[in-house]
1. Determine whether segment 314-332 contains at least one residue that is under 24 Å from the mean Cα position of the chain (by Cα), at pLDDT 95 or above and of a type in the set (Asp, Glu).
2. Quick check: is even one residue across segment 290-313 within 21 Å of Phe444 (Cα to Cα), free of Cβ contacts under 8 Å to residues at least 24 places away in the same chain and within 28 Å of the chain's Cα centre (by Cα)?
3. What about Asp238, is it loosely packed, with under 15 Cβ neighbours inside 10 Å, modelled with pLDDT of 95 or more and not in a loop (DSSP other than H, G, I, E, B)?
4. Any idea how many residues of segment 387-411 are exposed (fewer than 15 other Cβ atoms within 10 Å of the Cβ) and at pLDDT below 95?
5. Residue check: is Gly317 of a type outside the set (Val, Ile, Thr) and free of Cβ contacts under 8 Å to residues at least 12 places away in the same chain?
6. Taking segment 404-414 as the region of interest, how many residues are within 19 Å of Tyr197 (Cβ to Cβ) and out of contact with any Lys or Arg (no Cβ under 8 Å at 6 or more places or on another chain)?
7. When you go through (1) assigned to a helix (DSSP H, G or I); (2) without any contact (Cβ under 8 Å) to a residue 60 or more places away in the chain; (3) within 30 Å of Tyr314 (Cβ to Cβ) one by one for Glu285, which number turns out not to apply?
8. Could you figure out which of (1) more than 31 Å from the chain's Cα centre (by Cα); (2) free of Cβ contacts under 8 Å to residues at least 24 places away in the same chain; (3) buried (at least 17 other Cβ atoms within 10 Å of the Cβ) isn't true of Asp415?
Amino acid sequence: MTKRTKPTTKAKPTAAKASTKAANKAKPTAKPATSKGKPAPKKAAPAKAKSKSAAKKPAAAAKKPAPAKKPAAPAKKPTPAKKPAAPAKKPTPAKKPAAPAKKPAAPVKKAAVPAKKPTPAKKTAPAKAAAPAKATKTPPPVKAAAPAKAAPTPKAAKAAAPAEVPAKVQVIAEAPPVFAPLNDPKAEAIRDAVKVYDSHMHTPLCKHAWGEPAEYAQQGIKSGMNGIIFTCHCPMPDGFWQSVRMAESEFDTYVDMVQRTRDAFKGKIDVLLGLESEYYPGCEEWIEKLHRRADFHYILGGLHWQAKEYLAKYETGTIEGFRRTYFDHLAKSAETGLYDCLAHPDLVKNYNPDSWCFPIIKGPVANALDRIAATGVAMELNTSGLNKSYSEMNPGMEMLKMMAERDIPIVVGSDSHRAHRVGEHFVTAYNHLLEAGYEYVSYFINRRRHEIRISDALASMKRATDAQS
């Protein structure tokens, strides 16, 4: 390497080194033109006719484009390591120049230039010696030349990376939305003065209930209730089972109706605003927005297998298969975090009631209850089941015991569609809860769960009914 550095100081070295100096230094370009015009023929003798023409042409080409195109200089940078047999090595890389030839058509004139570009790849090791003083300006072009060869691989890698990232983002975006539970499962319920609430009843707006809200409130007083919560069927989009629910245009009417009743019975019985909010896979966004439209005290989740839209989509396969789907959706409704409590949780036993056999469905039920218990959402003991085709409260005793074992909070509701049913079968319901293993019963105010001892609730109801007799 030292031998090569010495000739660089002399004016007699090869024409190729003169060209490199002309490329690396913009000012010396004029000197090689005068001084090197003579030495060029001297070395033309050792190299033969063809090598002369090759050496002269690149020199001439280098003189003109060197000032115009500084990118050509980087290509000459590797020439410091030039060897006498360099022309012989240039033809071998001619295979690679074919690739650069595709980029610019101009380089075709300077076939020697692309031929010199591949040489840097061979002499990557000597780059250490070339790096010193002479290559101070050349490094930036070298970087441009390096990417010219290596660009395909890094660019391809980078192009592939962004292609994978959006794919992952899409997967995350497509994932079903999960809402935070409204009630912290670890938080204890508020235990206050003994109050008995009937937490499920309707108004004529649902098109299959009779009696004004004031009649329901009056019956609540007679039944020994301290409070009632109206939970009429919510409006739904796209005409979903519209024959059994209020229209969207009637929503404000419903809110006002309950408020008027609350004002009229203030000091006599507590009248609260709730909603039986439908659950149907895919309706979560609609329901979430609906719940923001009023200051609800209580949101009761309603999964109705008998909805024609639900049957059309999920009534496939066997009867037991349909029931398994129902319990899976029941758990999903709790997992959305949209509801405080789940209404009549085994309502599906009224689907082909003659074939209902709890032991057959017990496994799927246990799985659903495990998922529900993890959310902290309450479940309802609905007394109106005694009036349905499968005459048993919803849920039945076996399922109720499984709920108690998992410490799932319990709320009692009459599901009244007629005023005279407010508080109906509550004494029986409380005794069922005690038998199943429950000690407390819950109700909601301002979406916050309250609970009282069942024994106290029974005593309170007895005192209220005795006072009226």
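1. There is at least one residue in segment 314-332 that is under 24 Å from the mean Cα position of the chain (by Cα), at pLDDT 95 or above and of a type in the set (Asp, Glu).
2. Scanning segment 290-313 turns up at least one residue that is within 21 Å of Phe444 (Cα to Cα), free of Cβ contacts under 8 Å to residues at least 24 places away in the same chain and within 28 Å of the chain's Cα centre (by Cα).
3. Criteria not met by Asp238.
4. Residues meeting the conditions: 3.
5. The answer is yes for Gly317.
6. 5
7. Single failed check for Glu285: (2).
8. The number of the failed condition is (2).
The values are calculated or read from the model by the stated rules, or taken from the named source; none is laboratory data. Since the model is a prediction, treat every value here as computed from it, not as a measurement. In this analysis, Cβ positions are derived from the backbone assuming ideal geometry, glycine residues included, and neighbour counts consider all displayed protein chains.
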